[in-house]
1. Please work out which one of (1) at pLDDT 85 or above; (2) within 14 Å of chain A (Cβ to nearest Cβ) is the condition B:His129 fails and give its number.
2. Considering only segment B:242-266, state which residues are outside any helix (DSSP H, G or I) and within 19 Å of B:Val174 (Cα to Cα).
3. Over 14 Å from B:Pro307 (Cβ atoms), away from every other protein chain (no Cβ under 14 Å) and of a type outside the set (A, V, I, L, M, F, W, C): is that true of B:Arg272 in this structure?
4. Condition first: at the interface with chain B (Cβ under 9 Å from one of its Cβ atoms), under 26 Å from the mean Cα position of the chain (by Cα) and surrounded by fewer than 22 Cβ atoms within 10 Å (Cβ to Cβ). Now tell me which residues in segment A:8-57 satisfy that.
5. For segment B:115-145, what are the residues that are hydroxyl-bearing (Ser, Thr, Tyr) and surrounded by 18 or more Cβ atoms within 10 Å (Cβ to Cβ)?
6. Residues that are farther than 17 Å from A:Val180 by Cβ and in contact (Cβ under 8 Å) with a residue 60 or more places away in the chain: does segment A:102-109 have at least one?
7. Where in segment B:123-207 are there helices (runs of 4 or more DSSP H), lying wholly inside it, with at least 3 residues that are within 28 Å of B:Ala218 (Cβ to Cβ) and more than 13 Å from the chain's Cα centre (by Cα)?
Amino acid sequence: MHASSPALTATLRALRGETDLRVIAPAFSNRRFARVLALAPGVNVVVSAPGALAGGLPDILTPAECASPALAAAIASLIGTDAGHHILGSWADVAPVGWGASHAADVIDAVRCNRCASWVAAALIGPCDASAALLHKTMGHRQRRPALGTDHARQPDGVDGASRFERAETSPAYTRRRTVLCRTLPPLATDKMRSNDSQSPGGEYAVSCVRRLYQSVTRYPHQSCRYPIGAHATVRTRRSR
Amino acid sequence: MQRSEPGDLADLTRLAVASSMDAAWAAVVRLLSANPTSALHIVTAAPWDDLRVDVQETILSAADTDNICAAIAFTRGARPDPPAMTRKTAMTWKTARAFFAAVTPAVWNTLTEGEQRAWGSALGGTVLHRVVRSLGLDPAFLAEATHDVDLIAAVRCHVPDEDAMRGMLLPIAVRDLPLAAISRTIAALPPPPDPAAFVQIAGGIPTMPSALRDWIAANPTPQATVGAITALRVAMQRDNQPDHCRALAHALEGWSWQKTNALLDALPNDARIALRPDPDVLARRLTRCDRKRDFRQTLDALAALSPSVTLPALLALGDCFLVLVDTLANAPRRKILPLPRSATRATAVHAIAAADPLAAHRLAHALRCRTQGGRRCYKRGRCQVRHDPVP
């Protein structure tokens, strides 16, 4: 690395008190520099919190920081940028539920520009047709479960397609997506919890929310997969728990 | 919970700790009684003191039949010897994980240094956050810990507030920075509250020599901190990248030999030897019998320069590279600069070596091996010569 790389220069400026995110943005594109910004004492929260997100350390943010309007505005200003691309994934872990609804157009544009993953956008926007469509367009085609007993079920390497699907469902990346997406669901109401299975408080209600989130998928004409994208995996896994 | 399986035990334990549900604890005990080895998942999922008494008793009662439970029992003082002390084969990575998940500082401190090292080596470096959770914020563990969610949770168990937590994690972030960025970044940071711990963690050394601690206390300046961290990182990585040489030259800029030698003397042995190799040992091991004198003269000439020139030069061999190579015995010379058979190419490589020894080294190897990797190496060496010459 050259001693005067943009990330280093931006980091040094932030450490000396700069708070203009457009100036500091290059530091967020490098995970190692972003972590320094997140942890250095005396750095403004508008800089340190995006640094923590870009550095993959959302857990160091306090609930008060996550709910801060200044932070929300700062992150909104980065949607669609390269820095935003590095931040939004972690922001989906800790953002206030439905935060992205007011920025839905920008977030969807960022998805089109490959500056935001579709599932991240869906998690930020929350349960609605737009987020369901985002999920359908990406997860659906990749994680289609082949029908058992068909030629497509047998992969060239001899691995059963259904088994591959099962493995994908339990992979850490898939589990994280599922966790983040489920986090966006509305809080469980007490009466709903009482009315469902006592062994799994709120479980059926959560399942129905997830199902509703993905129900609109079936309204899209190019929907062709047998299992509605993600919904199947989410519902089934939560049931089995 | 009734349908839970041994694979669910970690999640079930977390649920039981968080909710205190009797049904969850009962399921934990049921699964544990059927398979005592699964105690590993329980103690790694939650601290020992958070477990309910019946779970603790079930684990301790299985100590005679199961190595993992025996390791846990030892850490809780319910067993005089760890399993490894009674059976050599018992110290595996699983027992080590269980051991470190449940061990207390009091028990750890009763172990000899050899026993501590044996347990540490059995554990490996991937789950150091559990060591931090059990034994606290010892820089020896933080120096090798990986920055992740688990480490943050472990650190949070031992600090009074969020600022303290970030202060403990900052040197790990500095440790992971590129060498070229360290000096300017540390200069822009406020002085650390504990400079010795900062240097140990950012330098990535599990053992801190008392001499280095004293040297840092006697030199409480950012420049000294940068010098120590850079020296440790360069010495430990043993990678003669141009970036490393440049970073070392930058960190030692303006230092006298007296100050540099004081730092080098305080470093761990292997770091000191890497940065300041003994000329006699080098001459004996590397040179041809008839060229030892020339070799020593060249090293003496290097030593007469300032530290910011000499130490990087000892890594990259600088302008004296060709002289030194000529004095080497055949075997080390072929490793350092295997000249092409073609006289024209050999002359060209020689000329490049005078300007940039590292580029010449890569180029020479690339010309010799003619593989895909060699061609890439050739291109990289050629680009370096063209764009990034050593001044």
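The values are calculated or read from the model by the stated rules, or taken from the named source; none is laboratory data. If you're wondering where the values come from, they're calculated on a predicted model, not measured in any experiment. As a convention, Cβ positions derive from the backbone with ideal geometry for all residues, glycine included, and neighbour counts pool all protein chains shown.
1. Against the list (1) at pLDDT 85 or above; (2) within 14 Å of chain A (Cβ to nearest Cβ), B:His129 comes up short only on (1).
2. Just the residues of segment B:242-266 that are outside any helix (DSSP H, G or I), to begin with: B:252-256.
B:Leu252 - this is the single residue of segment B:242-266 that is outside any helix (DSSP H, G or I) and within 19 Å of B:Val174 (Cα to Cα).
3. On the way: over 14 Å from B:Pro307 (Cβ atoms): no; away from every other protein chain (no Cβ under 14 Å): yes; of a type outside the set (A, V, I, L, M, F, W, C): yes.
So B:Arg272 fails the test.
4. Scanning segment A:8-57 gives A:Arg31, A:Arg32, A:Gly56.
5. The first filter runs over segment B:115-145 and keeps only residues hydroxyl-bearing (Ser, Thr, Tyr), leaving B:121, B:126, B:134.
Answer for segment B:115-145, where residues must be hydroxyl-bearing (Ser, Thr, Tyr) and surrounded by 18 or more Cβ atoms within 10 Å (Cβ to Cβ): just B:Ser134.
6. no
7. B:162-175, B:179-188, B:195-203
Here's the yes/no breakdown for (1) charged (D, E, K, R); (2) touching a residue at least 24 places away in the same chain (Cβ under 8 Å); (3) within 14 Å of chain A (Cβ to nearest Cβ):
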residue	(1), (2), (3)
B:Ala154	no, yes, yes
B:Cys157	no, yes, yes
B:Leu169	no, no, yes
B:Val174	no, yes, yes
B:Ser183	no, yes, yes
B:Ile201	no, yes, yes
B:Ser210	no, no, no
B:Ala218	no, no, no
B:Thr221	no, no, no
